[in-house]
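Input: a single structure, listed below in structure tokens.
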């Protein structure tokens, strides 16, 4: 009996302890820690994403190119929807009843496909105008389940540099899968700088928790904001371009198809990169973006096509400078080597034509006069040099020099869509000619024709390499990133394998092309007070008139700008490309055009190769 009493006492004490523990816990939960209370009424708590301001974009001189402007999305929580005044709602959004029905159909479709949640906010109507937002905000309390979320859109301060900057667009399923930063309805950089430097520009999202009443009206912060996470603005970046020079280049290329690429040789910084025809970047912002994009993408002139990095052309006679350097490096010519030209290069029944000029010519004059025969001799001397053993070995040696100059492969610039161009190898011709070919078979490569294809940025890089006498830095558009560093690869020197001593006669010939006497091919590019070195080119075009090409750098001593210009269907290099190049160089180095050349500027600005007024 005594043992039973003890057991009863122990059991009673245990029950009493458990009971007291529950009472204490309930007291703590209800009095000291109301989080469960908030959880119980979680339907009145709303998570609002705070979208960060996207980083600003400046040019090399600190001029603001891209900023931000406020934008608003109408959000919906499907579970909270109730019958509403559709007419007032439509008036606020400035849409028809049919459009409103379509919006609800789209929402219900996403719900069925489980692309959105019934209890979490999703976008119902994108990009409210300031007027729509102001009108709707006053009446939003009438529409249960709806609220407005602020974000930012890009604002372009200049109607230029669209291909450089790129544009912003909504993320797709693959983007969300690749990067969990994004959710449906987010925006990111599609191409250009906006894409390449997206992770710096986008910043970090913030989250704000608010209490709302049954009508969806905000009643205050949740837990005094202690769970809120502030958004972190994106980093500002400074580009290498000069927006004034970019504007001028685009004006010169108006009504022409082609490109301008200008580089600072000492750094590889892109000073200007014009793709023509282009478009105003503001066209791809806001609610009209989709319609404008459709128009641009179906335009036969392809204004969305980034020609400096995506178009490829034969380099034409500008390429003679490289063949001259390879010939000097391989010892198959000297600066004083002379060759005859009988209106071209002839072997048996083979003939490659040339224009009238003095003959014979040494190396310097072969460049200033752009003699085709001279470079056929050089090319064949390189390929057929006995030390190489076979034509295939000689060709591979020649090709490897080209690769070191940056041809045939992507340069690695900071644009996602860069193409590599094309440099054939000996296997290419083994397949075409069943291993039965010679240097004469492919001699058109001597003058930058044949299967050789380059991009405008590769040609501008060649001009920069000539200016540097044998090396270059990878061309790039980024100059500074706020509180960060640019990729180290843009600081690395890339050597061509050509001795510095070999550049003097080639650069002399390029200077003579502009400043020499009779036979010089680019006298139109003379700028008073600036020692420009240049080389004309006429790239053959089987589909119409040849392309006008020109490369140059200036000044000859201590070069500050290197440039390549392509004008499709422009004919001789001296006709369009050389004048445009010289005007861009003059504008950059002197800030204005000499009065003696304003007639030339006027002709370039007004020239229309698209509509036929040349």
For region 225-242, the count of residues that are crowded, with 22+ Cβ neighbours inside 10 Å and closer than 21 Å to residue 269 by Cα equals 5
Of all strands (runs of 3 or more DSSP E) fully inside region 466-578, the set with 2 or more residues that are at negative phi and crowded, with 24+ Cβ neighbours inside 10 Å is 533-539, 547-554, 561-567
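Test residue 406 against the stated conditions and say whether it is within 28 Å of residue 269 (Cβ to Cβ) and surrounded by 23 or more Cβ atoms within 10 Å (Cβ to Cβ). Spell out how you get there, then give the answer.
Numbers: within 28 Å of residue 269 (Cβ to Cβ): yes; surrounded by 23 or more Cβ atoms within 10 Å (Cβ to Cβ): yes.
In short, yes.
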Selection over region 163-212 where residues are touching a helix residue (DSSP H, G or I) at 6+ places or on another chain (Cβ under 8 Å) and in a strand (DSSP E or B) yields a count of 9
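Which ones in region 600-614 are touching a strand residue (DSSP E or B) at 6+ places or on another chain (Cβ under 9 Å) and either part of a helix (DSSP H, G or I) or under 18 Å from residue 526 (Cβ atoms) (or both)? Even if it seems obvious, please write down each step before you answer.
At the first step, the residues of region 600-614 found to be touching a strand residue (DSSP E or B) at 6+ places or on another chain (Cβ under 9 Å) are 606-607, 609, 614.
Within region 600-614, just 606 meets the criteria.
Tally the residues that are part of a helix (DSSP H, G or I), out of contact with any strand residue (DSSP E or B) (no Cβ under 9 Å at 6 or more places or on another chain) and either within 18 Å of residue 566 (Cα to Cα) or without any contact (Cβ under 8 Å) to a residue 60 or more places away in the chain (or both), restricting the search to region 579-594. Spell out how you get there, then give the answer.
Step one: filter region 579-594 for residues part of a helix (DSSP H, G or I), giving 579-590.
Narrowing further to those that are out of contact with any strand residue (DSSP E or B) (no Cβ under 9 Å at 6 or more places or on another chain): 587.
From what's left, either within 18 Å of residue 566 (Cα to Cα) or without any contact (Cβ under 8 Å) to a residue 60 or more places away in the chain (or both): none.
Of the residues in that region, 0 qualify.
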Screening 234, 316, 278 for residues that are at positive phi and in contact (Cβ under 8 Å) with a residue 24 or more places away in the chain leaves only 316
Sole miss for residue 597 among (1) surrounded by fewer than 20 Cβ atoms within 10 Å (Cβ to Cβ); (2) not in a helix (DSSP H, G or I) is condition (2)
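Residues checked against (1) modelled with pLDDT under 95; (2) more than 30 Å from residue 492 (Cα to Cα); (3) not in a helix (DSSP H, G or I):
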{"site": "374", "(1), (2), (3)": "no, yes, no"}
{"site": "378", "(1), (2), (3)": "no, yes, no"}
{"site": "408", "(1), (2), (3)": "no, no, yes"}
{"site": "418", "(1), (2), (3)": "no, no, yes"}
{"site": "460", "(1), (2), (3)": "no, no, no"}
Going through (1) more than 18 Å from residue 283 (Cα to Cα); (2) in contact with a strand residue (DSSP E or B) (Cβ under 7 Å, 6 or more places away or on another chain); (3) crowded, with 16+ Cβ neighbours inside 10 Å one by one, residue 137 fails only at (3)
Any residue in region 143-162 that is within 18 Å of residue 84 (Cβ to Cβ) and loosely packed, with under 15 Cβ neighbours inside 10 Å? no
The condition from (1) under 21 Å from residue 280 (Cβ atoms); (2) modelled with pLDDT of 90 or more that residue 187 misses is numbered (2)
Checklist entry - Looking at region 503-515, is at least one residue farther than 23 Å from residue 369 by Cα and free of Cβ contacts under 8 Å to residues at least 24 places away in the same chain? => result no
Among strands (runs of 3 or more DSSP E) entirely within region 260-366, at least 1 residues that are buried (at least 23 other Cβ atoms within 10 Å of the Cβ) and in contact with a helix residue (DSSP H, G or I) (Cβ under 8 Å, 6 or more places away or on another chain) occur in 269-276, 344-347
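Can residue 435 be described as out of contact with any strand residue (DSSP E or B) (no Cβ under 9 Å at 6 or more places or on another chain), under 17 Å from residue 535 (Cβ atoms) and part of a loop (DSSP other than H, G, I, E, B)? Before you say what the answer is, go through the steps one by one.
Values: out of contact with any strand residue (DSSP E or B) (no Cβ under 9 Å at 6 or more places or on another chain): yes; under 17 Å from residue 535 (Cβ atoms): no; part of a loop (DSSP other than H, G, I, E, B): yes.
Taking the combined requirement at face value, the residue does not satisfy it.
The values are calculated or read from the model by the stated rules, or taken from the named source; none is laboratory data. Here the structure is a predicted model, which is why all the values come from computation and not from measurement. For neighbour counting, all protein chains shown are included, and Cβ atoms are generated from backbone atoms with ideal geometry for every residue, glycine included.
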